[in-house]
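Visitor: Would you mind keeping the following structure in view while I ask a few things?
Every read-out reported here was derived from the displayed coordinates using simple, explicitly stated rules and does not represent laboratory data. Here the structure is a predicted model, which means the values were calculated and not measured. Virtual Cβ from ideal backbone geometry, glycine too; neighbours counted across all protein chains shown.
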Amino acid sequence: MIFSEKFIRRNARYSTFYDHVPAPMFRREFSAVKPISSCSVTITGVGFYDLYFNGKHITKGYLAPYISAPSELVYYDTYDLTESVKDGTNCIGVIVGTALQNDVGRYNWRFDCAKFRGPVRFASAIEIVYTDGSQEVIECDESWRCTDSPIIFDSLYIGEHYDARREIPGWNLPGFDDSAWDAAEPAETPLGEAALCSADPIRIRRDLYPVSIMREERGYIYDFGENCAGITTLCIRNTYPGQTVKMTFGEIVRNGVFDDDNISIMDRKHIPSEDLHFTDVYICRGAEEECWTPTFTYHGFQYVLVEGITEDQAVPSLLTYHVMHSDVKPLTKLSCSDDTVCRLQDMVLRTDLANLYYFPTDCPHREKNGWTGDAALSAEQMIMNFGLDATLHEWMKNIRKSQHEDGSLSGYVPTPGWYLNYGGSPGPGWDKIITEIPYMLYQYRGDTEILRENANMIGKYLNFIAEARNGDGLIDFGFGDWVQAGIIEAGSPVDCPSVVSNTASAIEISETASKIYAILGMPERRIFADAIAKSLREAFASHLIDHETCTVAGCCQTSQAMGLRLGFFVGEDEKKAVAHLVDYVHAHDDHLSVGVLGGKLIFRVLSDYGYADLAYKMIVRHDPPSYGHYVEIGATTLWEGFIDENQSLPYSRSHHFWGDISSWFFTYPGGIRLSHSAPEKPVLALKPCFIEALDHIRCEELTPYGVVLSTWERKGDQVIFTASVPNQVETVLYAPNGYRFHDEKDQLRLYQENVQIVFEKV
């Protein structure tokens, strides 16, 4: 396998808002001069590539090879062509798309900086091994021919424009006459390290069809019934040359009118055309039927506003919604007597998948950024729900590459260094990504390699934190408890002081780092991590806790949950602190009053102290702010924030960072708690919470060792608990709060295949 550094381009032009440059396409013919033993091609694009061999589309998936900063990592894919090589002439065809390379729609996030600016380019190496042992390598040079493709504009962020009148039949087949095409130009080699992409490819996983079509003044609104992410295939009949179909994608229809303002953060007065706003455009060639699917973009949406079609063309078959995401394996199943729980679990999974495009994004429309805080908050539930191992290993490589010299981190990856140049660090609440993903992969998979790969990055970050403490020894910079429930405007003041949430997060990072270093056998680094944690704890206890009242600064749900989670209260003080937390919940009529950092803790802390029923009530209740309220109003995904009592609407309707309720369902009502005392020693604690409002629940979780099943059902005053666990997993069953074993011998039984245990109320 050769990671070729010989890049070529069509020319030096690249797109701006005002000058759209078509995606170039390239071709190269070659012949195998002798009988071959093997043939392969290794290819990269800066940005995306779409690959054909002898006319056949062979690209691994959409948006290949990866979404990265080319100044840091340049990703390659390799394809085995052995079975496809023909005697005589063969043809490689490539179309190259923008990706992050000068994506004009991403100027809001500083991707217009120098390291992302420039013409698209690609490199490849065709390696032929002949049966006599000799080899031939064909790399990119001026012998490749190129021209403009029918893709006249493409943007990962905005959309794609396609002019079918420019199609060139047979362009990627052997024998095509390319004499009118231009010779390719040599192009600059990116500075980033070459790497073979091991992340799960992005593929279409299912199709949706319109559930309704509505007429509005501008055109026709197609409603697909679910808010997901992907692309559409347009199939339009009886067209005329030049007919232009415009498709705009969004999440909301208000009073029969398509509305995408909730996901618009682009300053439209600086954009020359509304065609540059989450929009695909297809220009017809004129035919009885034309079908088109975009190549280099995707959208997050439930609704599509279609303009430029006639009433006769506005039929259900006009659009098919291809739901796509990283091709990861689902690992969990949940059923329950409360349909709200089942629907919430579905909403979490749908939101996760809509935001899995090589890495967890914050939303699939407005930003498509790999925000680290969002992924840190969702790491456990995503790892529990999906086989994300390869995908997360690859993204962590990008996070390591993006770390600044002083050890600080950017708020999203890939990144143009936005936080380095525009406002400093996002803070420990976001930086927890560096320990949260590695440690969760260890706990759920026994993966020590992910710990080892990130040990140095974690150490550099601890040095940064050590220097970043203020005069009181606390951490007081970066984002706080983002989008508190009932507060719609992002960045508005919240109840929990940022010094509390940031210092608490820094403590968690340091203490998790200590555990990681202990697992890896790195005692000196562990000692340093322990020292940082100890210093932060002492400062937190001195400045942020009122020891007389047993409250944490801010006196709110998030602050108190953080203090309890970190174990700052013991004995009678702990009881008082728990009582305060419960009072803070009751003060809001048993509603949430936390941001995303508190949202990760509040239900777990309440459940740990015997208030699982209260946590459950807060989740499933159908009045706002609550998760259940979104079920009540028909949402199909998790939203960026919670609707307040005035029914105001938050920004995005597809944000996964509230999704830890999925882990809570499996960990508390389901009681499944898998961990590792060593990589080869999985330990399963079964600690179900028998929620009074539930009659039954069934949780299945696929682990590296087999399926773990936990299910229970009420029978009068008794609860029948059934468990199945893999043979090699050490398992301990605990009696839930308020219950005891009907037969004390059951506590000592092995739980391997549908073992039933009877519990009765104390």
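Visitor: Give me a comma-separated list of calculated 3J(HN,Hα) values for the range 278-284, in order, Karplus coefficients 6.51, -1.76, 1.60 applied at θ = phi - 60°, integers in Hz, x for any Gly or Pro.
Guide: Taking θ as phi minus 60°, the curve returns 6, 9, 9, 10, 10, 9, 6 Hz for the range 278-284.
Visitor: Let me know the charge dipole size of the chain about its Cα centre in debye, to the nearest 20, where only the beta-carbon of Lys, Arg (+1) and Asp, Glu (-1) is charged. Each step should come with its number before you reach the end.
Guide: Working: 66 positive and 106 negative charges, 188 e Å.
That gives a dipole near 900 debye.
Visitor: Something else about it: Over the chain, calculate the relative contact order: mean separation of alpha carbon pairs under 8 Å at least 6 apart, over the residue count, as a percent. Mind dumping the intermediate values first?
Guide: Numbers: 1756 pairs, mean separation 81.1, N = 762.
Contact order relative to length: 11 percent.
Visitor: Here is a follow-up. If you average the alpha carbon positions of the range 146-198 and of the range 482-553, how far apart do those two centres end up, in angstrom?
Guide: Spelled out, the Cα-based centre of one part sits 49 Å from the other.
Visitor: Among His742, His586, what is the fewest-to-most ranking by other Cβ atoms within 10 Å? Write out the running numbers ahead of the final one.
Guide: Numbers: His742 14, His586 11.
Ascending number of Cβ neighbours within 10 Å: His586, His742.
Visitor: Rounded to the nearest 10 degrees, what's the angle between the helix 498-520 long axis and the longest principal axis of the chain, both from Cα atoms, 0 to 90?
Guide: That works out to roughly 80 degrees.
Visitor: Summing -39500 (n - 2.57) over the DSSP H runs of n ≥ 4 in the chain and dividing by its residue number, what mean residue ellipticity at 222 nm do you reach, to the nearest 500 deg cm²/dmol? Provide the component values of the computation, followed by the final result.
Guide: Numbers: 16 runs with 188 residues, N = 762.
That calculation yields -7500 deg cm²/dmol at 222 nm.
Visitor: Continuing with the same structure: Listing Trp639, Trp171 from the residue with the fewest other Cβ atoms within 10 Å to the one with the most, what is the order?
Guide: Numbers: Trp639 24, Trp171 21.
Exposure proxy ranking, most exposed first: Trp171, Trp639.
Visitor: Sticking with this structure for a sec: Report the gain in length on full extension from Ser143 to His696: 0.36 nm times residue separation, minus Cα-Cα distance, nm rounded to one decimal. The partial results should precede the final answer.
Guide: Numbers: separation 553, 0.36 × 553 = 199.08 nm, distance 6.79 nm.
Full extension of this stretch gives 192.3 nm more.
Visitor: Among (1) 222; (2) 214; (3) 177, only one was calculated for this model; which label is it, if the read-out is volume of the Cα convex hull per residue in Å³?
Guide: (3)
Visitor: Oh, and also: Measuring from label point to label point, each 7 Å out along Cα→Cβ, what is the Arg166 to Thr16 span in nm?
Guide: Here the answer is 1.9 nm between the modelled labels.
Visitor: Determine the shape class of the range 204-326: with a ≥ b ≥ c the square roots of the Cα gyration tensor eigenvalues, call it rounded for a/c under 1.5, and otherwise prolate if a/b is greater than b/c, oblate otherwise.
Guide: rounded
Visitor: If packing is taken as the average number of other Cβ atoms within 10 Å across a peptide's residues, how do 668-674, 493-499 rank, most packed first? Each step should come with its number before you reach the end.
Guide: Details: 668-674: 23.9, 493-499: 20.3.
Peptide ranking by packing, descending: 668-674, 493-499.
Visitor: What pairs from Lys515/Lys681; Lys432/Lys617; Lys397/Lys432; Lys401/Lys460; Lys368/Lys515; Lys681/Lys745 go past 22 Å between their alpha carbons? Show your work: numbers first, answer last.
Guide: On the way: Lys515/Lys681 16 Å; Lys432/Lys617 29 Å; Lys397/Lys432 15 Å; Lys401/Lys460 12 Å; Lys368/Lys515 32 Å; Lys681/Lys745 25 Å.
Table pairs above 22 Å Cα-Cα are Lys432/Lys617; Lys368/Lys515; Lys681/Lys745.
Visitor: Could you give the angle, 0 to 90 degrees to the nearest 10, between helix 571-587's Cα long axis and the longest principal axis of the Cα atoms of the chain?
Guide: Tilt of helix 571-587: around 60 degrees.
Visitor: Please list the radius of gyration and Dmax for the range 36-152, considering alpha-carbon atoms only, with Å as the unit.
Guide: Considering the range 36-152 through its Cα atoms, Rg and Dmax are 16.0, 56 Å.
Visitor: Still on this structure: Quick one: helix 523-543 against the long Cα principal axis of the chain, what's the angle to the nearest 10°, folded into 0 to 90?
Guide: For helix 523-543, the angle is close to 60 degrees.
Visitor: Pulled fully out, how much extra length does the chain show between Glu193 and Cys555, if you take 0.36 nm times their separation in residues and subtract their Cα-Cα distance?
Guide: Details: separation 362, 0.36 × 362 = 130.32 nm, distance 4.83 nm.
Full-extension gain reported as 125.5 nm.
Visitor: For Thr722 and Ala180, what does the FRET efficiency come to when R0 = 56 Å and r is the distance between their Cβ atoms, rounded to the nearest 0.05? Can you show the working numbers first?
Guide: Working: r = 71 Å, r/R0 = 1.27.
Efficiency, from the Cβ-Cβ distance: 0.20.
Visitor: What are the residues whose amide H is under 5 Å from the amide H of Val413, where those residues sit 5 or more places off or on another chain and H is modelled from the backbone?
Guide: Under 5 Å from the amide H of Val413: Gly370, Trp371, Thr372.
Visitor: Continuing with this model, one more query. Would you work out which of Asn369, Ile602, Ile383 lies farthest towards the positive end of the dipole of the chain? Charges go on Cβ: Lys and Arg +1, Asp and Glu -1.
Guide: Going by the Cα projections, it comes out as Ile383.
Visitor: Run the dipole for the range 204-326 about the Cα centre, Lys and Arg Cβ at +1, Asp and Glu Cβ at -1, nothing else charged, and hand back the magnitude in debye, nearest 20. Write out the running numbers ahead of the final one.
Guide: Details: 10 positive and 19 negative charges, 44 e Å.
I would put it at about 200 debye.
Visitor: Would you mind pulling out the separation of the Cα centroids of the range 636-715 and the range 8-72, in Å?
Guide: 42 Å
Visitor: Which distance in nm do the two modelled labels at Arg218 and Ala678 give, with both placed 7 Å along the Cα-to-Cβ direction?
Guide: 6.3 nm
Visitor: How far is it, in nm, from the label point at Val315 to the one at Asp207 when both lie 7 Å from their Cα along the line to the Cβ?
Guide: The modelled label-to-label distance comes out at 1.5 nm.
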